[in-house]
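For reference, the structure is listed below as structure tokens.
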Amino acid sequence: MRSILLGIVTFLVIVPDLAGQEWIVPDDKKGKLSTFQFDENTKKSGEKIYSVNCISCHGTPGKGNFLKLVPPPGDPATDKIQLNRDGELFYKVINGRGQMPSFKNALSSDEIWHVISFVRSFNSSYKQLIMPVITSSAYPGAVIKMMLSYNSSDSTIVLEADAVKQNSSVAVTGAEVKLLVHRTFGHLQIDDIKTTDINGKVAFKVPANLPGDTLGNIQVSARFINEDTFGSVSKDTILTAALITLPVSLVAERAMWNNVRKAPVWVILTYSLGLLTALGFIGLVLMKIRDIFIIGESVLKDSEKINIT
Amino acid sequence: MTTSHSGSTRYRERVDSVSKDILRNVRFNQGFILWMGFLTAVLAVCLFAYTIQLRKGLGVTGLRDITSWGMYIANFVFFVATSLVGMLISSVLGLIGFKWVKPIARIAEIIAVAFASIAGLIIISDMGRPDRLPNVFIYGRVQSPILWDVTVVTTYFLVSLMLWFIPMIPDLAIAKTRLNGRPAFLVKAYELLSINWVGHKKQVKTLNEAGRILLILIVPLAFAIHTVTSWLFAVTPRAGWDSSIFGPYFISGAFVSGTSAVIIAMFFYRKSYKLEKYLTDFHFEKIGRVLALVSIVYIYFNINEFLVPGYKLKTLDEIHLKELLAGEYAPLFWGVQLLGLLIPVILLLFKQFRKPLPMVVIASFVLAASWLKRYIIVVPPQAHPFLPVQNVPVEWIVYTPTLIEIAISVAPLVLALMIITILSKLFPVLPIHELAEEETLAVDGHETDLAHIDETAVYNEEKKANNN
Amino acid sequence: MSEKKKKENPEDSKIDEILESSRRDFLKMVGIVGAASVAGGAAIYSGYRHEKAKSSGETIKVLTEDNRLVEIPKDQVKDYKPDLKVLQTRGRLGIKGKKWVMVIDLSKCRNARKCVAACQGAHHLRPYEYHINTLVMQESKNTPAYYMPKTCQHCDNPPCVSVCPVDATFKRQDGIVLIDNERCIGCRFCMAACPYSARMFHWQEPLDAEADKGKEYDVELNVPQKKGTISKCLFSADRVREETLPYCVSACPNGVFYFGDENENAVTNGTTKETVMLSELLEKNAGYRILDELGTKPRVYYLPPKNRIFDFKQGPATEYKETT
């Protein structure tokens, strides 16, 4: 939180500089490529992500209706964006700058590539280059595997990373890892970014007030920070590591504001008894009017008899 | 037997003379037709205004999101308030045993019936979707004061109607043989409505029982109807409405407006129906005292309502009070409080002002002020909500009623006048039987005598006389 | 038993046979349906697994009958357009197990009013008709002015819902207070009762009344809007059903809004998409609720305008301006 605030404050101070400044992407990041082919599906998925995450500043591609900010965000359909290489776009989305937020925690790598796929659909001359699956440069030829488990004694989630090559396996040491928990609208980072120890292990402290589902389950996901070194490896799993949460409906109790079936008993009673009493008395009066009518009828009959005689 | 017979003869004579005076007005004369024609023309204009509102929406009024309740609701509160007088006169004063309310009670009930029946219509004119009125009965939420209001206004109307009708049954029986030259349908209606009344002892007893039940029943109902109306405001947290004395404040105010309406009606009937013999200076003197009394009670509640928040000056209360006492609404507020409440009370303390003419002037001021008072209660508290009003067109901030809105607001008054006119042109406005009974008693001086009057005999004698 | 009957009367046995065969047919049919439903379920499940394994597949989110939201590949489902009854039923029920909550960080708001525009666009409102409005606030002369986006507070003790005579405005199990403009009678009692002035009324024909004609009414979007009825902020109930952040939240360029599920103790920032713990966010920034003393128990929290990242420029805005 605070760092973001500071970041934005710093940004405001250096606005004039930024405006004229080229957004330099480190050379080693420029060449990064998607590992899969962009197609209609990736484009559609990207469009959806774009419409939720990017459209508020960048506007609809091709329309030029982006926000008037300094520096201007730019229309993704124009050269300003399209002249970037795929790796540059990826870097900018991941890291952000100034008012452009970092989507590091918000979007997965694949999702960012989907957005790039969508953006590239506005460039007819674009030819996609595909990179083979990123493999670890630190452990060449090995497949890196992550294991996640919950240690209830000190309420930590323990990650163990191993590089498996043929039959042998070595612990992945010194790798920076982050642990995310799935929430409705995004991923919540648990603890800090941590580095695997000599055994390839790292423990993340689970906050005491982290709610899980009705069984205390949470969906967690671990990722390496440095994908170029350790490969694009992530591990999704469900762990019983959080508080058991039994959701209570907010409309369960009887209340003045609830619907009529859940009205407070005293209101129902007062209203119906009051109404019934009033109606009862009105009925009684009507009966009496009827009595007057009947009495009159019999009297009149008698008097007619008298008249005849 | 002899005394009772002489009593009954005297009663008959009295009935003859009283009914002659009172039934004189049961006719459709030219004045009636002109007056109704005028009212119909005005109503047509009002209804035309309403069709515009139906077509274009409530935007044709001065109402907007900030002040979303205006003239219509003020009008509604005024009508409910005025209808409350039926309960005050016939029930409270009648049950205490004041004999002088007898000739006034029916006038009060006519006002109650007319105003209570129209009150519901006003709410419909304020609804954005009047076509969905049935939803109130289909989906009604028992927690909503609106549902309570609908319920009690309907019940109160019914009971008021019965309180007007039931004491009139003997009159209808008396009148049905004395309606020579009136349209046949009217005679037939009297015949039907008098439900075989022959003045039999048992009938008298049953009628008195029914009347007594209603007189008692209407007290809690009347309190309920206006307390619930006050809760439409008091259940909200707005400054100026958020008051725990709103119920009694409204009820005491209702007595003021209702009593003044009755005084105006009395004056009118006395003059135009030539009833000086029955609505005497004595009656005006008495009802003048009542108006003074209820106004003093209302002043007391006013002091409570403004002094207590004025002492504490909570932020929004302060803004609200300043607006009322020294701001935009100050002329209206002081006009209402001085000309419509304080000065009338002072004047009414002097005997010479408790005469018909000065009283009708005073009552007119009080009644007009009562309407404006409802406007002050409803409108200003909405102008200052808890959070500032911003980024809206300027005409949204200040509420000014439009012509269409005013026209639609006139309609209920026209309708009420029509109902009052019809009721007092078709039926006796004063209780013939009770007045005759009272005068007989005054002469004979023995209450027991009257209990033995065999009205069946009276009736039969009349019938014989007619046959011959 | 049936053997006996056969002997007794040939016609009876015939009837028995017909009954028997129809019973068999029925069982068969049930079997097919059962198998189909199992297969369908399996397909949905495998689709779900497939989708999880390979995120490049085109997917669609589907609400199951037990009110769960599942994601399945698009080719596995037929298009289904919910009718009014479904929209009303699910709209009134709300989403099980959720307690939506919003946090508004006043230190970041600089009155861009993008939230207002996005909301008005989604709900077909005029520029001066608000579900959300940004206000210039100043408590007293010597305290600083600041901007405050104001939505419906979706109170847990909503005074507006209490007074509604027809259950047209209601609270759902997930905390959202909605208005059903198919039922609203336009009495405006709720407007009188709401201390936050959160409600608006259609005094005239709504903006897109013509264009929206014939559209199925979605109570979670309150579109088509209707003349003579109330409208109000809906916490974008249609979007949160799809697990997408509300219109205003995702439109903000300044990171003012957080939105999430109190049951998950997490809120996500609409601009940065950063997800943080709700309890921690409120605790570290001294979060509060407006007019809490009225006992309304709002579901919207505010973070005080402390350490603001911009200079407050504009004087109090009281009038609507076409240009904003």
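The values are calculated or read from the model by the stated rules, or taken from the named source; none is laboratory data. Just so it is clear, the structure is predicted and the values come from calculations on it, not from any experiment. For neighbour counting, all protein chains shown are included, and Cβ atoms are generated from backbone atoms with ideal geometry for every residue, glycine included.
For C:Ala145, state whether it is more than 20 Å from C:Val300 (Cβ to Cβ), aliphatic (A, V, I, L, M), at pLDDT 95 or above and assigned by TED's automatic domain parsing to the domain that holds C:Pro206.
In short, no.
Could you list, in sequence order, all residues of the range C:198-225 that are of a type in the set (Lys, Arg) and at pLDDT 95 or above? Spell out the reasoning first.
To start, the set of residues in the range C:198-225 that are of a type in the set (Lys, Arg) comprises C:199, C:213, C:215.
Hit for the range C:198-225 is C:Arg199, nothing else.
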- prompt: Take the residues of the range A:146-160 that are without any contact (Cβ under 8 Å) to a residue 60 or more places away in the chain and either under 15 Å from A:Phe230 (Cα atoms) or of a type in the set (D, E, K, R) (or both): which is surrounded by the most Cβ atoms within 10 Å (Cβ to Cβ)?
  reply: A:Glu160
- prompt: Are any residues in the range B:211-227 over 14 Å from B:Ser252 (Cα atoms) and more than 7 Å from chain A (Cβ to nearest Cβ), and if so, which ones?
  reply: B:Gly211, B:Arg212, B:Leu215, B:Ile216, B:Ile218, B:Pro220
task: Scan the range A:29-87 for residues that are within 11 Å of chain C (Cβ to nearest Cβ), part of a helix (DSSP H, G or I) and of a type in the set (Ser, Thr, Tyr) and report the count.
output: 4
task: Quick one: which residue in B:Pro145, B:Pro170 is under 30 Å from B:Leu95 (Cβ atoms) and facing chain C (nearest Cβ under 8 Å)?
output: B:Pro145
- prompt: In the range B:181-205, which residues are on the phi > 0 side of the Ramachandran plot and within 11 Å of chain A (Cβ to nearest Cβ)?
  reply: B:Ile195, B:Asn196, B:Gly199
message: Going residue by residue through the range A:246-263, is there one that turns out to be at pLDDT 90 or above, more than 30 Å from C:His154 (Cβ to Cβ) and hydrophobic (A, V, I, L, M, F, W, C)?
response: no
query: Which of the residues that make up the range C:175-201 are within 7 Å of another protein chain (Cβ to nearest Cβ) and part of a loop (DSSP other than H, G, I, E, B)?
result: C:Gly175, C:Arg183, C:Cys184, C:Ile185, C:Gly186, C:Cys187, C:Arg188, C:Pro195, C:Tyr196, C:Ser197
message: Taking the criterion of being within 29 Å of B:Ile245 (Cβ to Cβ) and within 22 Å of the chain's Cα centre (by Cα), would at least one residue in the range B:387-398 satisfy it?
response: no
query: Would it be correct to say that C:Val166 is within 18 Å of the chain's Cα centre (by Cα) and either surrounded by fewer than 24 Cβ atoms within 10 Å (Cβ to Cβ) or more than 25 Å from B:Pro393 (Cα to Cα) (or both)?
result: no
- line: Of the candidates C:Phe201, C:Phe189, C:Phe235, the one satisfying the condition of being of a type in the set (Phe, Trp, Tyr), free of Cβ contacts under 8 Å to residues at least 60 places away in the same chain and in contact with a strand residue (DSSP E or B) (Cβ under 6 Å, 6 or more places away or on another chain) is C:Phe201
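Could you tell me how many of the residues in the range B:63-100 are on the phi < 0 side of the Ramachandran plot and free of Cβ contacts under 8 Å to residues at least 40 places away in the same chain? Talk me through it step by step, then tell me what you get.
Here is the first cut: in the range B:63-100, the ones on the phi < 0 side of the Ramachandran plot are B:63-96, B:98-100.
Add one more test, that the residue is free of Cβ contacts under 8 Å to residues at least 40 places away in the same chain, and what stays is B:96.
Residues flagged as on the phi < 0 side of the Ramachandran plot and free of Cβ contacts under 8 Å to residues at least 40 places away in the same chain within the range B:63-100 amount to 1.
One line per residue, one yes/no per condition, for (1) more than 30 Å from C:Lys98 (Cβ to Cβ); (2) within 14 Å of chain C (Cβ to nearest Cβ); (3) modelled with pLDDT of 95 or more:
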position: A:Tyr139; (1), (2), (3): yes, no, no
position: A:Val143; (1), (2), (3): yes, no, no
position: A:Ser155; (1), (2), (3): no, no, no
position: A:Asp197; (1), (2), (3): yes, no, no
position: A:Val220; (1), (2), (3): no, yes, no
position: A:Glu227; (1), (2), (3): yes, no, no
position: A:Thr237; (1), (2), (3): no, yes, no
- prompt: Are there any pairs with C-beta distances below 9 angstrom linking a residue in the range A:277-294 that is more than 7 Å from chain B (Cβ to nearest Cβ) to a residue that is surrounded by 12 or more Cβ atoms within 10 Å (Cβ to Cβ), with the two at least 6 apart or on different chains, and if so which?
  reply: A:Thr277/B:Leu217; A:Thr277/B:Pro220; A:Leu279/B:Thr155; A:Leu286/B:Met162; A:Leu286/B:Ala210; A:Met287/B:Ala210; A:Arg290/B:Ile195; A:Ile294/B:Asn196
message: I need a count of the residues in the range B:230-245 that are within 10 Å of chain C (Cβ to nearest Cβ) and over 13 Å from B:Val379 (Cα atoms).
response: 6
- prompt: Name the pairs whose Cβ atoms lie under 6 Å apart, with the first residue in the range C:88-116 and under 28 Å from C:Arg183 (Cα atoms), the second acidic (Asp, Glu) and part of a helix (DSSP H, G or I), and 6 or more positions between them or separate chains?
  reply: C:Lys99/C:Glu262; C:Val101/C:Glu262
query: Of all residues in the range A:247-276, which are more than 9 Å from chain C (Cβ to nearest Cβ) and under 23 Å from C:Asp261 (Cα atoms)?
result: A:Glu253
message: I'd like to verify a number: residues in the range B:34-60 that are more than 11 Å from B:Ser125 (Cα to Cα) and of a type in the set (Ser, Thr, Tyr), how many?
response: 1
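Residue-by-condition table, conditions (1) exposed (fewer than 13 other Cβ atoms within 10 Å of the Cβ); (2) more than 30 Å from B:Ile397 (Cα to Cα); (3) among the aromatic types (Phe, Trp, Tyr):
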| position | (1), (2), (3) |
| --- | --- |
| B:Lys20 | yes, yes, no |
| B:Leu23 | no, yes, no |
| B:Val26 | no, yes, no |
| B:Leu34 | yes, yes, no |
| B:Phe38 | yes, yes, yes |
query: Filter the range C:275-302 for residues that are among the charged types (D, E, K, R) and touching a strand residue (DSSP E or B) at 6+ places or on another chain (Cβ under 7 Å); which is surrounded by the most Cβ atoms within 10 Å (Cβ to Cβ)?
result: C:Arg299
field: helices (runs of 4 or more DSSP H) enclosed by the range C:75-172 - at least 3 residues per element that are closer than 28 Å to C:Gln204 by Cβ and within 14 Å of chain B (Cβ to nearest Cβ)
entry: C:114-123, C:159-163
query: Picking from B:Ala383, B:Ala407, which residue would you name as being farther than 16 Å from B:Phe268 by Cα, in contact (Cβ under 8 Å) with a residue 24 or more places away in the chain, among the small types (Gly, Ala, Ser) and more than 14 Å from chain C (Cβ to nearest Cβ)?
result: B:Ala407
task: Kindly indicate whether B:Thr259 is in contact (Cβ under 8 Å) with a residue 24 or more places away in the chain, within 30 Å of B:Ser144 (Cβ to Cβ) and in a helix (DSSP H, G or I).
output: no
- line: Exception for B:Asn208 within (1) facing chain A (nearest Cβ under 8 Å); (2) free of Cβ contacts under 8 Å to residues at least 24 places away in the same chain; (3) not in a loop (DSSP other than H, G, I, E, B) falls at (1)
task: Output the residues belonging to the range C:297-315 that are among the β-branched types (Val, Ile, Thr) and at pLDDT 95 or above.
output: C:Val300
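Conditions tested, residue by residue: (1) among the aromatic types (Phe, Trp, Tyr); (2) modelled with pLDDT of 95 or more; (3) surrounded by 22 or more Cβ atoms within 10 Å (Cβ to Cβ).
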site	(1), (2), (3)
B:Arg212	no, no, no
B:Ile218	no, no, yes
B:Ile225	no, no, yes
B:Phe233	yes, yes, yes
B:Pro237	no, no, no
B:Thr259	no, yes, yes
B:Lys274	no, no, no
message: Please go through (1) within 14 Å of chain A (Cβ to nearest Cβ); (2) in a helix (DSSP H, G or I) for B:Val294 and return the number of the only condition it doesn't satisfy.
response: (1)
